[in-house]
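Following: one structure in structure tokens, then a few remarks.
The values are calculated or read from the model by the stated rules, or taken from the named source; none is laboratory data. This structure is a prediction, so every number in the text was calculated from the model and none was measured. Please note: Cβ atoms are built from the backbone with ideal geometry, for glycine as well, and neighbour counts cover all protein chains shown. Surface accessibility is based on the protein's heavy atoms, side chains included, excluding ligands, DNA and RNA. Shrake-Rupley method; radii C 1.70, N 1.55, O 1.52, S 1.80 Å.
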Amino acid sequence: MLNYSVWEIECLAVYVGISRCSWWLKGNPFTIFTEHKPLVGAFEKCLSEVGNATIKYLPGKVNVLADTLSRKPLMDTFSK
């Protein structure tokens, strides 16, 4: 991911996530939570055409699940 901005990387992550899980997402309402506020404006129009998807901004300090998934686990906890 050299030379890509944070906005571009997160935008790609949303796109790939939806496209890879499209079989499960079709027909089921779902919400995308992002800590990158400009993505909300960028995706609102596109996702409104889909009909079953919404995108919401959630500040990083409140978005505990995203922080947990993006952090490297400490190997000491697995060796005990």
Legend entry - Tally of residues being of a type in the set (D, E, K, R) and either touching a residue at least 24 places away in the same chain (Cβ under 8 Å) or surrounded by 11 or more Cβ atoms within 10 Å (Cβ to Cβ) (or both) across segment 38-58: 2
Legend entry - Residue in segment 21-29 that is open to solvent by less than 100 Å² (accessible area, probe 1.4 Å), part of a helix (DSSP H, G or I) and modelled with pLDDT under 75 present: no
